[in-house]
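Notes to accompany the following structure.
Every number here is computed from the coordinates shown, using simple stated rules; none is lab data. Keep in mind the model is a prediction, meaning the values are calculated, not measured. Cβ atoms come from the backbone with ideal geometry, glycine included; neighbour counts cover every protein chain shown.
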Amino acid sequence: MSCINTPCAQSPAIYLDANATEILRPAARQAAILAMEQTGNPSSVHFYGRAARRLLEEARKTISAAFGRDTDACVFTSCGTEADVLAVHALGCHMGRRVLVGATEHEAIRASTRGAEVLPVDEQGLLRLDMLEDALKQGGPALICVMSANNETGVISPLEDIAALCRLYDSFLHCDAVQSCGRGALPLQDFRNVSFAISGHKMGGLKGAGALVLPQDMPVSPMMPGGGQERGRRGGTPGLPAIASMAAALEESQKQNWGRIEALRNQLEFAMRSAGAEIMGQNVARLPNTICAVMPKMDARIQLMKLDMAGFCVSAGSACSSGKMEPSHVLEAMQQKDKAGQAIRVSLPWTIRQEEVEAFAEAYCAICR
Ligand code: PLP
């Protein structure tokens, strides 16, 4: 077995940073290789173009079906960020809707909605539904951006309730499902006023593909009109290997035993708590693989460094901000700002094994002693 991005017995370090990027799944690798062998451009009408187009449309069908949507509801993009930005552009600004944004959203949403009204969360990281309703009452139809699960804490949003409120006030919900899609918690399928952003590499596909899943096959104003690909909704030749691998990863993730991963996560969390850590969002539903742990009085940078030296890869905050090491806006929104400098994120990949969890627990207890 190749060791590239695939921890095995000989791996020099144990990878516990799946929320930054998930370990490549075998079916995704296989699908990418098959797609790489396709010479044609899916827009070409000849034999090779048609063969590439078939793969592209199969991937579209798989992804749309996972959300219970028409096949053409899925618009392929280059990543989750692009899918989020396209949603804000096409479903918010372009439709004349005011935009309201959850306080713990990822930068993908935050950076494209500067100046938008921010919806607060409670101390566990859950959106304040009373405040959402007040905001919806106050103005015309809105686009509400709320993530289905938070990348730093794993806290899962009550999407059914949020979507129902949006429908009541003739508004639209865009849900950043980048962390939850492919992690056992597929979001709601029945609501017709919700769009979803997803990302291939977060589920075990290649980097370089994402999708905006619309409520149905509907026109949206493109940010990049280009050559009219994706039914005029997103120009540019689609990255077929990454897209095919995203669909394969999603299918494979649906067969995963998430209960096993959750049990290992709980075991690890118990050990970390015994060492003195506080778990963020501990009392609410969370992704089965994620732990956001605060070790009082111990700088997260020191924790990361010591864990790295001991052979464990974890992160502080999200992948996009970990290089900068800025205080987490997520913990700040949860009124836990004073703890942000001591928080690390451990996110178990789908390959996680009992002995890896035990080894990490031992190393963590040793460095925190
Ligand atoms: N949304 C969330 C919740 C994320 O965690 C991330 C990446 O960390 C993104 C969006 C951006 O996804 P991508 O890396 O595919 O652009």
Worksheet item: Amide H of GLY210: which non-local residues (sequence gap of 5 or more, or other chain) have their own amide H closer than 5 Å, using H built in the peptide plane?
Response: THR77, SER78, CYS79, GLY200
Worksheet item: Using a simple charge model, +1 on the beta-carbon of Lys and Arg, -1 on the beta-carbon of Asp and Glu, nothing else, what dipole does the chain show about its Cα centre, in debye to the nearest 20?
Response: 660
Discussion item. Running a GNM on the chain with Cα contacts under 10 Å, which residue among ALA135, ALA87, ALA211 ends up with the highest mean-square fluctuation?
Written reply: ALA135
Worksheet, complete the sentence: Amide H proximity to CYS74 below 5 Å, modelled H, separation 5+ or other chain, gives LEU214
Response to the item:
The relative contact order of the range 217-307, taking Cα pairs under 8 Å that sit 6 or more residues apart, comes to a percentage of 16
Worksheet item: Okay, helix-only estimate at 222 nm for the chain: each DSSP H run of n ≥ 4 adds -39500 (n - 2.57), divide by all residues, round to 500 deg cm²/dmol; what do you get?
Response: -10500 deg cm²/dmol
Item to complete: Normalising by the residue count of the chain, find the relative contact order in percent from Cα pairs under 8 Å and 6+ residues apart.
Response: 23
Discussion item. If the only charges are +1 at each Lys and Arg Cβ and -1 at each Asp and Glu Cβ, what is the size of the charge dipole of the range 201-306 around the Cα centre, to the nearest 20 debye?
Written reply: 240
Response to the item:
Straight-line reach check, LYS202, cutoff 23 Å on alpha carbons, 8 or more apart in-chain or any other chain, hits among lysines -> LYS61, LYS255, LYS324
Worksheet entry | Backbone HN-Hα couplings from phi across the range 264-273 [Karplus 6.51/-1.76/1.60, Hz, Gly and Pro as x] | 5, 4, 5, 4, 5, 4, 4, 5, 5, 5
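Please report the relative contact order for the range 32-105, taking Cα pairs under 8 Å with a sequence separation of at least 6, and give it as a percent rounded to a whole number.
RCO, the range 32-105: 13 percent.
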Practice prompt. Per residue of the range 348-361, in order, report the coupling 6.51 cos²θ - 1.76 cosθ + 1.60 (Karplus, θ = phi - 60°) as ³J(HN,Hα) in whole Hz, putting x for Gly and Pro.
Written response: 6, x, 5, 8, 3, 10, 3, 5, 5, 5, 5, 5, 5, 4
Practice prompt. May I ask you to list the aspartates and glutamates whose Cα is less than 14 Å away from that of LYS207, ignoring any residue fewer than eight positions away on the same chain?
Written response: GLU22, GLU82
Practice prompt. Select from the range 111-147 those trypsin sites (Lys or Arg not before Pro) which occupy a DSSP coil region and have at most 16 other Cβ atoms within 10 Å, ordered by residue number.
Written response: ARG114, ARG128
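Applying a 10 Å radius around every beta-carbon, put 253-263, 239-249, 157-167, 349-359 in order of their mean neighbour count, most first. List each step's numbers first, then the result.
Numbers: 253-263: 14.9, 239-249: 27.9, 157-167: 18.6, 349-359: 16.9.
Order by mean packing, descending: 239-249, 157-167, 349-359, 253-263.
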Response to the item:
Sparse-neighbourhood loop hits (GluC sites (Glu not before Pro), the range 24-130; DSSP loop; Cβ within 10 Å at most 15 others) -> GLU37, GLU123
Response to the item:
Karplus-derived 3J(HN,Hα) from phi for the range 142-156 (6.51 cos²θ - 1.76 cosθ + 1.60, θ = phi - 60°), whole Hz, x at Gly and Pro, runs 10, 9, 9, 10, 9, 6, 7, 8, 7, 5, 8, 9, x, 4, 9
Worksheet item: Check ALA103: other-chain or 5+ apart residues with amide H under 5 Å from its amide H, H built from backbone geometry?
Response: LEU119, VAL121
Item to complete: Please give, to one decimal in nm, the separation of the simple spin-label points placed at GLU117 and ASP134, each 7 Å out from Cα toward the Cβ.
Response: 1.1
Worksheet item: Local charge sum around GLN30 (other residues, Cβ-Cβ under 15 Å, Lys/Arg +1, Asp/Glu -1)?
Response: -1
